[in-house]
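Novice: Dropping the structure in here first, questions after.
The values are calculated or read from the model by the stated rules, or taken from the named source; none is laboratory data. Quick caveat: nothing in here was measured; it's all calculated off a predicted structure. Cβ: placed from backbone, ideal geometry, glycine included. Neighbour counts: every protein chain shown.
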Amino acid sequence: MGLIEFKNVTKQYKNGVTALYDLNLDIEKGDFVFIIGGSGSGKSTLIKLLYREEKPSKGTILLGGIRVEKLRNRSVYKLRRKLGIVFQDYRLLPKLTVYENVAFALEAIGEKKSNIKPKVLKSLELVGLKGRIRDYPENLSGGEQQRVAIARAIVNEPRVLICDEPTGNLDPVMSLEIVQLLADINEKEGTTVLMVTHDKDIVNKMQKHVIALREGHLFKDYKKGDYVDEVL
Amino acid sequence: MKFFRVIGRSLRDSLKSVGRNFSLSLASITCVMITLIIVGVALIITYNVEDSTKKLKKDLSIFVFVSNDADNFDITSLETQIKGIDNVDKDYVKYKSKAEIKKEMMESNDTFENIMENWDDEENPLQNIYIVKVIDSNRIGETATAIKNLSKVSSAKYGEGMVEQLLLAFNGIEKFSFVAVIALVLVTIFLIINTIKLTIFSRKREISIMRLVGASNVSIKLPFVFEGMFIGIIGAIIPVICVVYGYYWVYDILGGKLISDVITLLKPSEIVFKISIFIVLIGGIVGMLGSASAVRKYLKV
């Protein structure tokens with residue numbers, strides 16, 4: 001049994017659009033997975049279902065033993081504490097410094113004060129920003145801001161790191177750096193990483209487990225090293 | 001421990017937020033302030049009216065005038081009959097003979113003394129009376145009529161007309177203060193809802209990040225509820241000062257009574273502490289209610 005399982009998952013939105021059809025997936029612990037596909041393929045819906053921003057219309061989703069679709073709104077936080085989430089637009093708080101932005105995630109879940117500093121520094125070291133802790137987001141480059149967002153996502157040592165187009169706003173060099181950083185975290189910390197992207201160069205270069213979606217269906221599930229660039 | 005950390009963080013955040021959105025908070029605080037000043041005045045009026053009503057009701061008696069042709073047996077049996085009437089306070093049916101009344105009147109006033117000193121028992125035009133107190137003052141009229149219908153009773157008076165009007169006026173004042181306070185409290189709740197709504201919108205990004213990193217609903221909502229409470233409590237400070245000093249001032253100017261000795265004011269020391277506590281409590285509770293409702297309505301977590 002994998003860490004993440006989708007069984008016959010269908011998602012239809014209230015406006016009648018069906019984003020995913022009868023999807024079955026199995027992702028192992030410690031895996032690094034790219035989720036690719038064109039616009040409207042259901043990539044973003046898939047990860048929204050995973051962090052329970054949306055609920056499936058049919059089917060079951062299991063994440064580390066939690067039945068995600070059965071979670072009540074007031075219990076969603078229990079799932080989110082097992083996840084780290086990174087977005088294309090970084091979602092940092094502009095009035096807080098780099099250190100405060102990362103510490104914010106721990107304060108919000110009621111972490112002990114004495115634990116916050118070492119955890120934040122460790123996580124910032126991992127993303128290579130230990131020297132910038134007093135800077136504000138506006139003084140950082142896009143790549144650096146995304147590193148802060150990643151540091152915030154991993155500071156609570158999540159089991160799964162979900163990244164929704166984290167390189168969407170970055171140039172190719174910086175994009176590769178960020179993906180390499182995610183791969184390092186996956187390797188060193190054993191964190192399972194799910195990354196939604198439309199950047200085929202990166203997917204090609206990294207040769208990881210790739211799930212390709214097309215119009216809401218699972219198009220192909222390429223095992224590690226099997227990916228070949230093709231039109232989706 | 002974690003629970004206290006969440007509470008501590010919520011308190012800190014809510015205070016920060018009051019400061020950060022100070023112009024917004026100030027509008028709510030001012031509104032709470034005005035409301036609570038009126039609430040305070042209404043409370044003072046209510047306490048005084050209640051006290052005066054109580055005193056009035058306590059002093060309310062029916063004077064039963066016994067017919068001059070009643071003999072001793074009739075007088076004794078009349079007492080039993082009066083005590084048998086529903087609503088009569090059986091422990092307070094007092095007989096006063098006309099001789100006693102004459103004596104009391106002569107002692108109270110020289111003019112009376114001069115006039116009355118030559119009256120002997122036969123000439124004394126006064127009447128023997130029973131002074132009767134009732135259990136329910138609202139039914140004093142019907143009780144007086146029942147007594148009046150007994151034999152050997154020439155009349156039964158209790159200051160009809162004036163008493164009813166006074167009680168009616170007191171009741172009216174009490175009801176009006178109550179309605180005014182409720183209306184103002186509702187307006188305040190509405191304003192606090194708006195303030196918290198704007199705070200929630202201004203912190204939307206922060207809230208969405210809190211949700212993503214796994215903050216529980218309670219820890220997201222609590223700072224806003226505390227913020228409402230702080231706005232309420234801060235807004236209560238000036239009203240407390242106004243009410244306390246204002247009432248001492250009014251009491252001194254009026255010399256502790258209103259219009260005449262009939263209506264006396266409660267001593268400030270007896271009520272200002274109670275009212276101050278009440279104002280702060282109302283401020284805090286109204287603030288919390290307003291923000292809780294805003295959080296429920298606008299904070300979808």
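Novice: Residue by residue through the range B:279-301, note down the ones that are under 19 Å from the mean Cα position of the chain (by Cα) and either modelled with pLDDT of 90 or more or within 14 Å of chain A (Cβ to nearest Cβ) (or both).
Specialist: B:279, B:280, B:281, listed by residue number.
Novice: Just wondering, is there one or more residues in the range B:31-42 that are within 14 Å of chain A (Cβ to nearest Cβ) and assigned to a helix (DSSP H, G or I)? First the steps, then the outcome.
Specialist: Step one: list which residues in the range B:31-42 are within 14 Å of chain A (Cβ to nearest Cβ), which gives none.
No, there is no match, as no residue in the range B:31-42 is within 14 Å of chain A (Cβ to nearest Cβ) and assigned to a helix (DSSP H, G or I).
Novice: Name the residues in the range A:146-163 that are part of a strand (DSSP E or B) and away from chain B (no Cβ under 11 Å), would you? First the steps, then the outcome.
Specialist: Initial filter on the range A:146-163 (part of a strand (DSSP E or B)): A:160-163.
Those that are part of a strand (DSSP E or B) and away from chain B (no Cβ under 11 Å): A:160, A:161, A:163.
The rows are residues; the columns are (1) farther than 13 Å from residue A:197 by Cα; (2) under 19 Å from the mean Cα position of the chain (by Cα).
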position: A:5; (1), (2): yes, yes
position: A:10; (1), (2): yes, no
position: A:17; (1), (2): yes, no
position: A:20; (1), (2): yes, yes
position: A:25; (1), (2): yes, yes
position: A:31; (1), (2): yes, yes
position: A:35; (1), (2): no, yes
position: A:39; (1), (2): no, yes
position: A:43; (1), (2): no, yes
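Novice: Suppose we filter B:113, B:79, B:104 for residues that are out of contact with any helix residue (DSSP H, G or I) (no Cβ under 7 Å at 6 or more places or on another chain), on the phi < 0 side of the Ramachandran plot and loosely packed, with under 15 Cβ neighbours inside 10 Å; which single one remains? Lay out the reasoning, then the answer.
Specialist: On the way: B:113 fails: out of contact with any helix residue (DSSP H, G or I) (no Cβ under 7 Å at 6 or more places or on another chain); B:79 fails: loosely packed, with under 15 Cβ neighbours inside 10 Å.
Result of the check over B:113, B:79, B:104: B:104.
Novice: Follow-up question, since we're still on this one. Checking residue A:96 against (1) closer than 15 Å to residue B:208 by Cα; (2) more than 7 Å from chain B (Cβ to nearest Cβ); (3) of a type in the set (A, V, I, L, M, F, W, C), which single condition isn't satisfied?
Specialist: Going through the list (1) closer than 15 Å to residue B:208 by Cα; (2) more than 7 Å from chain B (Cβ to nearest Cβ); (3) of a type in the set (A, V, I, L, M, F, W, C), residue A:96 breaks only (1).
Novice: Still on this structure, I have one more. Could you list all residues from the range A:100-131 that are farther than 29 Å from residue B:8 by Cα and either over 22 Å from the mean Cα position of the chain (by Cα) or modelled with pLDDT of 95 or more (or both)?
Specialist: A:131
Novice: Step by step: first the residues of the range A:56-92, then only those that are on the phi < 0 side of the Ramachandran plot, without any contact (Cβ under 8 Å) to a residue 24 or more places away in the chain and assigned to a loop (DSSP other than H, G, I, E, B), then the one that is nearest to the other protein chains (Cβ to nearest Cβ). Which residue is that?
Specialist: Result: A:72.
Novice: While we're here: Against the definition (among the charged types (D, E, K, R), assigned by TED's automatic domain parsing to the domain that holds residue B:129, under 30 Å from residue B:168 (Cβ atoms) and over 29 Å from the mean Cα position of the chain (by Cα)), how does residue B:102 come out, yes or no?
Specialist: Working: among the charged types (D, E, K, R): yes; assigned by TED's automatic domain parsing to the domain that holds residue B:129: yes; under 30 Å from residue B:168 (Cβ atoms): no; over 29 Å from the mean Cα position of the chain (by Cα): yes.
Here the answer is no, as residue B:102 does not meet what is asked.
Novice: Then there's this: Of everything in the range B:144-166 that's part of a helix (DSSP H, G or I) and within 16 Å of residue B:94 (Cα to Cα), which residue is nearest to the chain's Cα centre (by Cα)? Before the answer, list the steps.
Specialist: Taking the range B:144-166 and keeping what is part of a helix (DSSP H, G or I), we get B:144-148, B:162-166.
Within this subset, residues satisfying the condition of being within 16 Å of residue B:94 (Cα to Cα) are B:144, B:147.
Working: B:144: 28, B:147: 33 Å.
For the range B:144-166, the residue satisfying everything is B:144.
Novice: Those residues that are more than 17 Å from residue B:296 (Cα to Cα) and free of Cβ contacts under 8 Å to residues at least 40 places away in the same chain, I need them from the range B:187-209; list them, please.
Specialist: Step one: of the range B:187-209, the residues more than 17 Å from residue B:296 (Cα to Cα) are B:187-188, B:205-206, B:209.
Residues satisfying the conditions are B:205, B:206, B:209.
Novice: Still on this structure: (1) surrounded by fewer than 17 Cβ atoms within 10 Å (Cβ to Cβ); (2) away from chain B (no Cβ under 14 Å): which one isn't true of residue A:31, the others all being true?
Specialist: (1)
Novice: Without any contact (Cβ under 8 Å) to a residue 60 or more places away in the chain, within 14 Å of chain B (Cβ to nearest Cβ) and not small (Gly, Ala, Ser): is that true of residue A:173 in this structure?
Specialist: Numbers: without any contact (Cβ under 8 Å) to a residue 60 or more places away in the chain: yes; within 14 Å of chain B (Cβ to nearest Cβ): no; not small (Gly, Ala, Ser): yes.
No: the conditions fail for residue A:173.
Novice: Still on this structure, I have one more. Looking for something outside any helix (DSSP H, G or I), of a type outside the set (Lys, Arg), farther than 25 Å from residue A:36 by Cβ and in contact with a strand residue (DSSP E or B) (Cβ under 8 Å, 6 or more places away or on another chain) - is there at least one such residue anywhere in the range A:125-144? Write out each step before concluding.
Specialist: The initial filter retains those residues of the range A:125-144 that are outside any helix (DSSP H, G or I), namely A:127-129, A:133-136, A:140-141.
In the following step, the residues that additionally are of a type outside the set (Lys, Arg) were identified as A:127-129, A:133, A:135-136, A:140-141.
Still in the running and farther than 25 Å from residue A:36 by Cβ: A:128-129, A:133, A:135-136, A:140-141.
Still in the running and in contact with a strand residue (DSSP E or B) (Cβ under 8 Å, 6 or more places away or on another chain): none.
No, the range A:125-144 has no match at all.
Novice: What pairs come out if I take residues in the range A:100-123 that are more than 7 Å from every other protein chain (Cβ to nearest Cβ) and within 17 Å of residue B:214 (Cα to Cα) and pair them with residues that are part of a helix (DSSP H, G or I) and among the charged types (D, E, K, R) whose C-beta lies under 7 Å away, six or more apart or interchain?
Specialist: Pairs that qualify, where the first residue is more than 7 Å from every other protein chain (Cβ to nearest Cβ) and within 17 Å of residue B:214 (Cα to Cα) and the partner is part of a helix (DSSP H, G or I) and among the charged types (D, E, K, R), are A:101/A:152; A:102/A:152; A:106/A:119; A:116/A:107.
Novice: Residues that are farther than 27 Å from residue A:158 by Cβ: find the strands (runs of 3 or more DSSP E) completely inside the range A:187-232 holding 2 or more of those.
Specialist: Details: elements: A:192-196, A:209-214, A:217-222.
Because the criterion is at least 2 residues that are farther than 27 Å from residue A:158 by Cβ, the strands (runs of 3 or more DSSP E) in the range A:187-232 that meet it are A:217-222.
Novice: Quick check on this structure: which one of B:244, B:213, B:218 is closer than 30 Å to residue A:86 by Cα, surrounded by fewer than 20 Cβ atoms within 10 Å (Cβ to Cβ) and either more than 14 Å from chain A (Cβ to nearest Cβ) or hydrophobic (A, V, I, L, M, F, W, C) (or both)?
Specialist: Details: B:244 fails: closer than 30 Å to residue A:86 by Cα; B:213 fails: surrounded by fewer than 20 Cβ atoms within 10 Å (Cβ to Cβ).
Of B:244, B:213, B:218, the one residue that is closer than 30 Å to residue A:86 by Cα, surrounded by fewer than 20 Cβ atoms within 10 Å (Cβ to Cβ) and either more than 14 Å from chain A (Cβ to nearest Cβ) or hydrophobic (A, V, I, L, M, F, W, C) (or both) is B:218.
Novice: Same structure, new question: Would you check which residues across the range A:15-37 are in contact with a Lys or Arg (Cβ under 7 Å, 6 or more places away or on another chain) and assigned to a loop (DSSP other than H, G, I, E, B) and list them?
Specialist: Passing the criteria: only A:37.
Novice: Another one. If residue A:95 passes every condition in (1) within 30 Å of residue A:136 (Cα to Cα); (2) in contact with a His (Cβ under 8 Å, 6 or more places away or on another chain) but one, which one does it miss?
Specialist: (2)
Novice: Moving on to the next point. Yes or no: residue B:86 farther than 15 Å from residue B:147 by Cα and in a loop (DSSP other than H, G, I, E, B)?
Specialist: Working: farther than 15 Å from residue B:147 by Cα: no; in a loop (DSSP other than H, G, I, E, B): yes.
No.
Novice: Going by the structure shown, is residue B:206 within 14 Å of another protein chain (Cβ to nearest Cβ) and of a type in the set (Asp, Glu)?
Specialist: Numbers: within 14 Å of another protein chain (Cβ to nearest Cβ): yes; of a type in the set (Asp, Glu): yes.
Yes: the conditions hold for residue B:206.
Novice: Now for a different question. Taking residue B:26 and the conditions (1) within 28 Å of residue B:153 (Cα to Cα); (2) in a helix (DSSP H, G or I), which numbered condition does it fall short on, given that it satisfies the others?
Specialist: Residue B:26 satisfies all of (1) within 28 Å of residue B:153 (Cα to Cα); (2) in a helix (DSSP H, G or I) except (1).
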